[in-house]
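One structure is given below, encoded as structure tokens.
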């Protein structure tokens, strides 16, 4: 039996590996095949192109989400605070990483409690959905939300990651009913989130039936958590097992369309390999409400808040220029644009 690392050790490993190793999927997001139709006469003033929108009752300056990454250690806390400070300044949404570490070790809660530096952002708490099969319930979900004064709760879905790590939580039976119970009882919206392998139409329909308020597709094409687990595997057996799945998953673009088809009324958050504001614009034109980025913001936050703010400002401007050049003056117009496929 492979030795199971403490949860705080895993968190530090994840940060270090994501910063230092190539952990990309061998798949692409599919967004590279999608193109806007350029408008040589857009009849717009660039500075008036409006990227604002409202999600779950909060106005954002742009449909950009700092995707869930980390927490639970001192180093992770520094990164979370920098991300939150930048999100507050730029008017972006943010999700924290899994709060299981702080549920089980309350002294780690401070690494997630970013409200003191980001009082106005749309903020999502985060727990692994599978923990509902491992003695977690509504009380732990409420604790996660209250811990960070969150506006909603991510329940993340990572069956493949659990299957290839030492001591992973691999009992996923009868989980839908427990997710449904949380959706009905929790006083804030519940968002189902994959972690990098995408959402099928079947899963989207099942999650919609559970009553989730939105789905974050987190498609294939960016970070592969099986690759992350490969780098931290304690033995050759698990390294080889994790390495087998570098090309697994449903690309982000396809995942968006899967949810749009299977659950047309459900808000979609798009993440998984998004590189910039142009990719976010493409996701919105495909049907998403928000576009999430993680790896780029993580690397910037490892340097400073100022570096993170600069990257966020660049991301919004990339989105704005994409809209301007395609002839969309606001987010609603962007969603109606015709796309080309190569």
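Here are the numbers for this structure:
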item: Cα-only Debye scattering, segment 159-282: base-10 log of I(q)/I(0) at q = 0.09, 0.19, 0.20 Å⁻¹; result: -0.28, -1.06, -1.12
item: Residue 28 paired with residue 314, simple spin-label distance in nm, labels 7 Å along Cα-to-beta-carbon; result: 2.2 nm
item: Per-selection Rg to Rh, segment 247-342 - Cα, Kirkwood hydrodynamic radius; result: 1.00
item: Rounded to 10°, Cα long-axis angle of helix 175-185 versus longest principal axis of the chain; result: 70 degrees
item: Extension gain (nm, one decimal) between residue 333 and residue 115, 0.36 nm per residue minus Cα-Cα; result: 75.2 nm
item: Difference of contour (0.36 nm per residue) and Cα-Cα distance, residue 78 to residue 16; result: 20.9 nm
item: Exposure proxy ranking, count of Cβ atoms within 10 Å, fewest first, for 134, 81, 154; result: 134, 81, 154
item: Reciprocal mean inverse distance between Cα atoms of segment 25-150 - Kirkwood radius, Å; result: 16.7 Å
item: Equivalent ellipsoid dimensions for the chain as semi-axes, Å, which come from the Cα gyration tensor, largest first; result: 30, 22, 20
item: Helix 138-148 axis, angle to the chain major axis (alpha carbon atoms, nearest 10°); result: 60 degrees
item: Fraction of beta bridges assigned by DSSP in the chain that are antiparallel (%, nearest 5); result: 20 percent
item: FRET efficiency, residue 306 to residue 41 (Cβ-Cβ, R0 41 Å, nearest 0.05); result: 0.60
item: Sorted by Cβ neighbour density within 10 Å, fewest at the top, the residues 60, 336; result: 336, 60
item: Rg to Rh quotient for segment 121-173, alpha carbon positions, Kirkwood Rh; result: 1.03
item: Nearest-ten-degree value, helix 305-326 long axis tilted from longest Cα axis of the chain; result: 40 degrees
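The numbers here are math on the coordinates, done by the rules we state, and not lab data. From a predicted model like this one, the values you see are computed outputs, not experimental measurements. Please note: Cβ atoms are built from the backbone with ideal geometry, for glycine as well, and neighbour counts cover all protein chains shown.
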